[in-house]
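Note sheet for the following structure.
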Amino acid sequence: MVNSILIMITKAPYGRENVYGGLYTAIACLERKLSVTVVLVNDGVYSAMKGQASYKTLGYPNIEDLFYALFPPAKIFVDQSSMDERGIQKEDLIEIVEVIDEEELLNRIREHGEAIITY
Amino acid sequence: MKEMSTTKTLTIYLLTGPYTSQCTDIALDIAEKALNKGYKANLFLYMDAVHVPKKGQKTLRFPKVEERLRKLISIGLRVKACVRCASARGYVEGEQDKETGTFPTTQYVNGASITSIYDFSDWIKESDKVITLGE
């Protein structure tokens with residue numbers, strides 16, 4: 001039986017429903033006592049930017065707030081190479097995320113990827 | 001003492017609606033194969049995938065997703081759709097049934113229900129494999 005889930009977010013926030021889908025699913029899985037790991041790769045790294053004002057500007061729920069609803073106990077990892085490709089620095093991101101390189105990313109997938117859901 | 005089930009369970013998590021991509025057909029193909037091999041199969045519908053069980057689909061040349069879904073439900077496929085996604089798209093027609101936990105709709109084929117995302121979490125826990133399709 002599956003006890004842990006890895007949610008991989010690959011899309012940027014707000015332009016599509018995907019990031020909301022991933023994070024709401026993560027919250028539901030935590031409620032049901034599953035171990036939850038969230039990994040942000042490719043355009044998914046934009047989801048963890050600091051200072052999002054979506055409610056004020058778009059009228060959409062704030063994704064930054066959803067990350068704080070997850071952590072802890074969920075762990076949130078951001079792919080360093082995806083950040084580098086987009087010119088994003090660690091200081092640009094919310095402080096609860098952990099930046100990891102590709103080898104560490106692979107290890108997290110091995111450790112926590114009993115079931116992987118990609119958004 | 002409760003006897004443990006030896007039948008393996010597959011849960012498919014579908015994120016896109018029918019016809020815009022091949023994902024729904026692939027999900028139904030996989031579910032059909034699993035059921036025919038004697039596995040339990042679950043299909044959880046999220047985001048635009050909540051359109052999949054809509055009644056009255058008419059296609060000219062493409063396989064009719066509705067017909068395939070009805071057939072698979074009749075041989076044991078369990079189908080649930082997320083209430084948040086279904087409500088946003090106009091499928092929820094009333095309050096939650098306290099006994100079943102489902103939300104009413106007249107727009108879905110029989111056997112497909114609208115329910116909470118928490119049911120997906122429960123399905124994950126009882127599954128041997130979880131597959132995501134769609135983007």
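Laboratory data are not the source of any read-out in this text; all were calculated from the coordinates shown. From a predicted model like this one, the values you see are computed outputs, not experimental measurements. Cβ: placed from backbone, ideal geometry, glycine included. Neighbour counts: every protein chain shown.
Antiparallel DSSP bridges in chain A: what percent, to the nearest 5?
5
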Averaged over B:117-128, number of beta-carbon atoms from partner chains that fall within 10 Å:
6
The range B:9-133: C-alpha gyration tensor shape, a/c 1.5 cut-off, then a/b vs b/c
oblate
Checked the protein assembly as shown with the C-alpha gyration tensor, a ≥ b ≥ c its square-rooted eigenvalues, rounded below a/c of 1.5, otherwise prolate if a/b is larger than b/c and oblate if not; verdict prolate
Relative contact order for chain A using alpha-carbon pairs under 8 Å, separation at least 6, rounded to a whole percent?
37
Could you check the spin-label model distance between A:Glu104 and B:Leu35? Points 7 Å from the Cα along Cα→Cβ, value in nm.
4.5
For A:84-95, what's the mean count of beta carbons from other chains sitting within 10 Å of each residue's beta carbon?
0
Once normalised by the length of the range B:9-133, the mean sequence separation of its alpha carbon contacts under 8 Å that are 6 or more apart gives a contact order in percent of 32
Express in whole angstrom the spacing between the alpha-carbon centres of the range B:59-135 and the range A:51-77.
27
Taking all pairs of different Cα atoms in the range B:1-78, averaging 1/r and flipping that mean, what Kirkwood radius in angstroms comes out?
13.2
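Please work out whether chain A counts as rounded, prolate or oblate from its C-alpha gyration tensor, where a ≥ b ≥ c are the square roots of the eigenvalues and a/c under 1.5 means rounded, while otherwise a/b larger than b/c means prolate and anything else oblate? Working shown, then result.
On the way: a/c = 1.81, a/b = 1.18, b/c = 1.53.
Oblate shape, in that a/c is at least 1.5 and b/c is the bigger or equal ratio.
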How far is it, in nm, from the label point at A:Asn62 to the one at B:Glu93 when both lie 7 Å from their Cα along the line to the Cβ?
3.9
In the range B:28-86, which trypsin sites (Lys or Arg not before Pro) fall in coil by DSSP and have 13 or fewer other Cβ atoms within 10 Å?
B:Lys37, B:Lys55, B:Lys58, B:Arg61, B:Lys64
Hey, can you list the DSSP H helices of chain A whose Cα span along the axis is 30 Å or longer and whose average Kyte-Doolittle score is at least 0.5?
none
Could you work out, residue by residue across A:12-24, how many beta carbons of other chains sit within 10 Å of that residue's beta carbon, and then give the average as an integer?
2
Two-site label geometry, B:Ser21 and A:Glu111: point separation in nm, points 7 Å out along Cα→Cβ
3.0
Checking the range A:43-114 for GluC sites (Glu not before Pro) in a loop per DSSP with at most 13 other beta-carbon atoms within 10 Å yields A:Glu95
